[in-house]
Amino acid sequence: MAYMHRSSLDSLPGYKQGRPAPVTPGLNPYKISSNENPYPPLESVRRAVADRALVHLNRYPDMRGTALVERLARLHQVEPENIQLGCGSTEVITQLVNLVAGEGDEVIYPWRSFEAYPIIVTGAGATCVPVPLNAEGRHDIDAMIAALTDRTRLVIVNNPNNPTGTSVSTDEALRLLEAVPEDVLVLFDEAYFQFNDDPDQAMGLQLRQEHPNAVVARTFSKAYGLAGLRIGYAVAPAEVVQGLGKVALPFGVSDVAQTAAMVSLDVTDQLQERVDGIVRERAKVVTALEGQGWRIPCSRANYVWLPLGQATDPAYEQFQAQGLSVRAFSGEGIRITIGEAEANDRVIRVCASLRDQGLAR
Ligand SMILES: Cc1ncc(COP(=O)(O)O)c(C=O)c1O
């Protein structure tokens, strides 16, 4: 049916969700396509959700998420006025783009990076300014600075970058912040910061002390393992948080999600042990792949990137055939989430086979 709509959206590719694990006879299937945490929720989180949130399903949630906002403010030593919740950090980023950029405005972001960025920017009616990563799969800070114009309304830093896993250093972030006008916001999307063991990594929360135009987005989806509940947050100047509240989806963040997030903050040590285990598994995979002759970007996240170029699609089929759903970006490469030890061991075997076929780079 023909219908009146914004034709500027016609060419926009929709968000592609990581595929479920393929069913392969004789093999445990593994979904390692969405950078999720392989561990199930902690018992304490499950119990709190059952006891304190499921009993209120007939009620709307607290739209501001007051208790969680206050808890996060204490954690980050900011005021509650500096915290905004969203349905995952995807919604927080969407709120921010909708707040600052519309028709004729530009949003700069690294590319390839989180695939939601162009969707969100185009959805807001603003103009995407993707800046290619450098040869090491890292942010090209000079090129990002060169892309600034009078129409720039937001600059996004993805640290560590999805899908390459590379980290942005404090010096690089400072160089960028010093080049961006003070009234233009710089978003530090830190969805995976807990996995980042680079001692030089830029931390948005510290940077915003000297640069109030720095905004930080974080999520409970990855290290906290709550991807299915959809909850994330921003730390931003109070004026920005007020604006974000205006464009937020009303009642978007459920009481179940708020409760689970609150409890998760109380068991951060237990969750950190899981993160440390994933980081150790990542080191195992990286060491094995490098030993096989792969040259891959230095990952500081819970995934690794195989820059396969034109070999991406055939390589993807081989992972699928081994019961592994990975995330392929046709013509570019494959992102593999660090999952259960058995999944990671199988990844190493498939990579050895790809190498033997001459597909490794
Ligand atoms: C870089 C990056 N930012 C933000 C998100 C959003 O996560 P969520 O909306 O689940 O908080 C993701 C999810 O994959 C991501 O990779």
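Which one of Y15, Y303, Y39 has the biggest mean-square fluctuation once the chain is modelled by GNM with Cα springs under 10 Å? Largest GNM mean-square fluctuation: Y15. For the stretch 273-361, the fraction of 1.4 Å probe accessible surface lying on carbon and sulfur atoms is 47 percent.
Using only helices, what value at 222 nm comes out for the chain when you add -39,500 (n - 2.57) per DSSP H run of length 4 or more and divide by the total residues, to the nearest 500 deg cm²/dmol?
Values: 12 runs with 134 residues, N = 361.
Value at 222 nm, helices only, nearest 500: -11500 deg cm²/dmol.
At the residue level, T90 shows approximately 50 square angstrom of accessible surface with a 1.4 angstrom probe and all protein chains present. At the residue level, I145 shows approximately 50 square angstrom of accessible surface with a 1.4 angstrom probe and all protein chains present. Working note: Cα atoms of the chain, range along each principal axis, descending, whole Å: 56, 55, 52. Accessible-area rank, largest first, for F251, F195: F251, F195, with all protein chains present and a 1.4 angstrom probe. The magnitude of the dipole of the stretch 156-296, with charges of +1 and -1 set on the Cβ of Lys/Arg and Asp/Glu and taken from the Cα centre, is near 540 debye.
Under the shape rule built on the C-alpha gyration tensor, where the axes satisfy a ≥ b ≥ c, the stretch 85-222 is rounded, since a/c falls short of 1.5. Compute the accessible area per residue over the stretch 183-237, keeping the other protein chains in place, probe 1.4 Å, unit Å². With all protein chains present, the stretch 183-237 gives 32 Å² per residue.
Shape of the stretch 1-100 from its Cα gyration tensor (a ≥ b ≥ c, root eigenvalues): rounded if a/c is under 1.5, otherwise prolate when a/b > b/c, or oblate? Could the numbers behind the result be given before it?
Numbers: a/c = 1.93, a/b = 1.10, b/c = 1.75.
Because a/c hits 1.5 or more and a/b fails to exceed b/c, the stretch 1-100 counts as oblate.
When the chain is treated as a GNM with alpha-carbon contacts under 10 Å, the residue of R153, R282, R59 showing the greatest mean-square fluctuation is R59. Count Lys and Arg as plus one, Asp and Glu as minus one, and take only other residues whose Cβ is under 12 Å from that of L187; the net charge is then +1. The figure for V45 is an accessible area of roughly 10 square angstrom, using a 1.4 Å probe on the protein chains alone.
Counting only residues at least eight positions apart within a chain, or on another chain, the lysines with an alpha carbon under 25 Å from that of K31 are K16, K222, K284.
Under a model in which nothing but the beta-carbon of Lys, Arg (+1) and Asp, Glu (-1) is charged, the stretch 43-266 shows a dipole of about 940 debye around its Cα centre.
Write out the GluC sites (Glu not before Pro) in the stretch 157-226 meeting two conditions: DSSP loop, and at most 11 other Cβ atoms within 10 Å of their Cβ. Could you put the intermediate results ahead of the total?
Working: sites: E172, E178, E182, E190, E210; in loops: E182, E190.
Sparse-neighbourhood loop GluC sites (Glu not before Pro): E182.
Local charge for G102 was computed over the other residues whose Cβ lies under 13 Å away, with Lys and Arg +1 and Asp and Glu -1, and equals 0.
For the chain, the residue among T66, F220, V45 whose Cα projects farthest onto the positive side of the dipole built from Cβ charges is V45. For the stretch 43-266, give the percent of accessible area contributed by carbon and sulfur heavy atoms, probe 1.4 Å, rounded to a whole number. Carbon and sulfur together cover 50 percent of it. G245 sits among other residues whose Cβ lies under 14 Å from its own Cβ, and their net charge, with Lys and Arg +1 and Asp and Glu -1, is -2. Averaged over its residues, the stretch 302-361 has an accessible area of 35 Å² per residue, based on protein heavy atoms and a 1.4 Å probe.
The values are calculated or read from the model by the stated rules, or taken from the named source; none is laboratory data. Owing to the predicted nature of the structure, the values given are computational and were not obtained by experimental measurement. When we count neighbours, we look across all protein chains shown, and the Cβ atoms used for this are built from the backbone with ideal geometry, even at glycine. Surface accessibility is based on the protein's heavy atoms, side chains included, excluding ligands, DNA and RNA. Shrake-Rupley method; radii C 1.70, N 1.55, O 1.52, S 1.80 Å.
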